[in-house]
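Asks: This is the structure, below, for whatever I ask next.
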Amino acid sequence: MKKLAEMSRDELIAFKAAAQKEYDALKGKGLKLDMSRGKPNSKQIDISNDLFKLPLDGNFKMDGIDVRNYGTLDGLPSCRAMFADILGCKTEEVFCGGNASLTLMYDTIAKAFTHGLLHSERPWSKEEKIKFLCPAPGYDRHFSICKTFNIEMITIEMTETGPDMDAVESYIKDPAVKGIWCVPKFSNPDGIIYSDETVHRIASMKPAAPDFIVMWDNAYCVHEFDGDFVPFPDIIAECRNAGNPDMVFEFASTSKITFPGGGVSCFACSVDNMAYMKKLIGMQSISFDKINQFRHVLFLKDRAHTIEHMKKHAALMKPKFDMVLSKLNAQIAPLGIATWHTPKGGYFVSLNTMEGCAKRTNLLAKEAGVAMTGAGATYPYGNDPKDSNLRIAPTFPPIEELDVAMDVFCASLKLAAAEKLLG
Ligand code: PLP
């Protein structure tokens, strides 16, 4: 098959007519399919049903603590130790919270605004302007947090090894730049693992703002679906060793290990940050849900056991990612109208169309009954300057539906590209 860019106008017209026919036939099926959000399928959720069947035998104590009662704000020591094992940091650096790491992220930023962070000269609400570095494509909910606090977002291009660090190092000279979002392992949506050099450069930054914060969202820390667990540097130690012990907050949760919205979340930080945060958090809660922390420790145990558990997710996820990639390789690659990453973990396939085709592809897919994350959502302010990035989330639909949804997506992409080239 010829690449679209190499076709004559007549060939393109014929190609477009064929793409339109294919698209119309799929649209005529009246489909209603969803490839929009990175949610586990119900079969993946079933993997953790034994959490409900734990033999508790009337023993509600862990670490000598009655898990049913108030107290122990920073979480059960065993749960903190479990997350420390998973993240590679120390137990005293971990705070176990409630059901969502996103809440902890939001709360950290909110505290910066109301009270300031450990090294803030004043609360951020008293600053004239707050700016954040936003590697993109990135996670739309990070950008929503910035938007809700009126934080100016600066787009940083993602590279194959993580954020463009030359740009980052240049922007942090501005004292109004107070932070950066990072999804360091299997980034959302590109599935990129930051290189050791990138991690080191981030940990060694010398920002002008004394209270600059690295929001290290390690949402996919054990989420390999293809191949063995990939060990990853401990950012808390990296920052400490680089003389920036208080610059980072790391976040994680069991949302995509056990139950999304029904798991346990945590943050990890220096012990000084921990003492500062505990004083503030102690005003909003006496303690978090230790019953769920307890169940999760009994169920997941430690990193080695959690990695074994994640292999059950992988067995269900890999065929779906393989399906998406094989459809793209067969139907799109020969035409040269898009590029994509081949992730080994995380929840997404990130695809870049020819410039100016993402919104149109998205709309065509939607009109043919396939819901996808909105074009632009992976960029600050919903503004993808090239109108090119699309996020495919293969996990939620059953594989039979994914099969059809990908045909619709490929047909939409072909039609959008042909329309674009024909002007
Ligand atoms: N961070 C990233 C990068 C995500 O992709 C997601 C969910 O998709 C979350 C955080 C949400 O995590 P939680 O359920 O712990 O709030």
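Asks: Shape call for region 52-172 from the C-alpha gyration tensor, a ≥ b ≥ c root eigenvalues: rounded (a/c under 1.5), prolate (a/b greater than b/c) or oblate?
Replies: Here region 52-172 falls in the prolate category.
Asks: State the Cα centre-to-centre distance between region 306-341 and region 77-115 in whole Å.
Replies: Answer, in whole Å: 31.
Asks: How would the chain be classified by its alpha-carbon gyration tensor: rounded, prolate or oblate, with rounded meaning a/c under 1.5 and the a/b versus b/c comparison settling the rest?
Replies: Note, shape of the chain comes out oblate.
Asks: Right, something else. Give the calculated FRET efficiency between residue 272 and residue 42 to the nearest 0.05, with a Förster radius of 41 Å applied to their Cβ-Cβ distance.
Replies: With a Förster radius of 41 Å, E is 0.45.
Asks: Which net charge results for the neighbourhood of residue 336, defined as the other residues with beta-carbon distances under 12 angstrom from its beta-carbon, given Lys and Arg at +1 and Asp and Glu at -1?
Replies: Once positives and negatives cancel, what remains is +2.
Asks: Run the helix sum for the chain: -39,500 (n - 2.57) per DSSP H stretch of 4+ residues, divided by residue count, reported at 222 nm to the nearest 500 deg cm²/dmol.
Replies: Value at 222 nm, helices only: -12000 deg cm²/dmol.
Asks: Just to be sure I understand the rule: take each whole DSSP H helix in the chain, project its Cα atoms onto its long axis, keep it if the span is 18 Å or more and its mean Kyte-Doolittle hydropathy is at least -1.0. Which ones pass?
Replies: Length and hydropathy pass: 9-27, 101-114, 303-327, 399-422.
Asks: If amide H atoms are built 1.01 Å from N in the plane of the peptide, which residues on other chains or at least 5 residues away come under 5 Å of the amide H of residue 179?
Replies: Under 5 Å from the amide H of residue 179: 133, 213.
Asks: I want to check the label-to-label distance for residue 91 and residue 144. Put each point 7 Å from Cα in the C-beta direction and report it in nm to one decimal.
Replies: 3.6
Asks: A further question on this structure: Label-point separation (nm) for residue 66 and residue 241, each offset 7 Å from Cα along Cα-to-Cβ?
Replies: In this crude spin-label approximation the distance works out to 4.5 nm.
Asks: Now a separate question. Label region 326-423 by shape, choosing from rounded, prolate and oblate, from the square roots a ≥ b ≥ c of the eigenvalues of the Cα gyration tensor; if a/c is under 1.5 it is rounded, and otherwise prolate applies when a/b is larger than b/c, oblate when it is not.
Replies: rounded
Asks: Also, I was wondering about something else. Compute the relative contact order of region 122-219 as a whole-number percentage, counting only Cα pairs closer than 8 Å that sit 6 or more residues apart in sequence.
Replies: For region 122-219, the relative contact order is 31 percent.
Asks: For region 149-163, just list the computed ³J(HN,Hα) in residue order, Karplus coefficients 6.51, -1.76 and 1.60, θ = phi - 60°, integers in Hz, with x standing in for Gly and Pro.
Replies: Values per residue, Gly and Pro as x: 9, 6, 7, 6, 9, 10, 6, 10, 5, 7, 10, 5, 10, x, x Hz.
Asks: What is the distance, in nm, between label points placed 7 Å from the Cα along the Cα-to-Cβ direction at residue 291 and at residue 128?
Replies: Using points 7 Å along Cα→Cβ, the separation is 5.2 nm.
Asks: Give me the number: length gained by fully extending residue 342 to residue 363, i.e. 0.36 nm times residue separation minus the C-alpha to C-alpha distance, one decimal in nm.
Replies: That works out to 5.1 nm of additional length.
Asks: Using a Gaussian network model of the chain whose springs link C-alpha atoms within less than 10 Å, name the residue from 166, 211, 234 with the highest mean-square fluctuation.
Replies: Of 166, 211, 234, the most mobile in the Gaussian network model is 166.
Asks: Report the local net charge at residue 225: Lys and Arg +1, Asp and Glu -1, summed over other residues whose C-beta lies under 12 Å from its C-beta.
Replies: Once positives and negatives cancel, what remains is +2.
Asks: For residue 226 and residue 301 in the same chain, what is the full-extension length gain: residue separation times 0.36 nm, less their Cα-Cα distance, in nm?
Replies: 24.7 nm
Asks: Listing 141, 360, 391, 9 from the residue with the fewest other Cβ atoms within 10 Å to the one with the most, what is the order?
Replies: In order of increasing Cβ crowding within 10 Å: 9, 141, 360, 391.
Asks: In percent, how large is the relative contact order of the chain, given Cα pairs closer than 8 Å and 6 or more residues apart?
Replies: 27
Asks: Relative contact order of region 279-374, please, whole-number percent, based on alpha carbon pairs below 8 angstrom and at least 6 residues apart.
Replies: 12
Asks: Rounded to two decimals, what is the ratio between the C-alpha radius of gyration of region 7-107 and 2.2 N^0.38 Å?
Replies: So region 7-107 has a normalised radius of gyration of 2.04.
Asks: Counting other Cβ atoms within 10 Å, which GluC sites (Glu not before Pro) in region 60-131 have at most 11 and lie in a DSSP loop?
Replies: For GluC sites (Glu not before Pro) across region 60-131 that sit outside H, G, I, E and B with at most 11 neighbouring Cβ atoms in 10 Å, the list reads 121, 128.
Asks: As an exercise, use a Förster radius of 56 Å and the Cβ-Cβ distance of residue 208 and residue 401 to find the FRET efficiency, rounded to the nearest 0.05.
Replies: 0.65
Asks: While we're here: Starting from the Cα-Cα distance between residue 32 and residue 73, subtract it from 0.36 nm times their residue separation and give me the gain in nm to one decimal.
Replies: That works out to 10.3 nm of additional length.
FYI, it's all coordinate maths here, none of it is from the lab. What you see is a predicted model; the values in this text were computed from it and never measured. In this analysis, Cβ positions are derived from the backbone assuming ideal geometry, glycine residues included, and neighbour counts consider all displayed protein chains.
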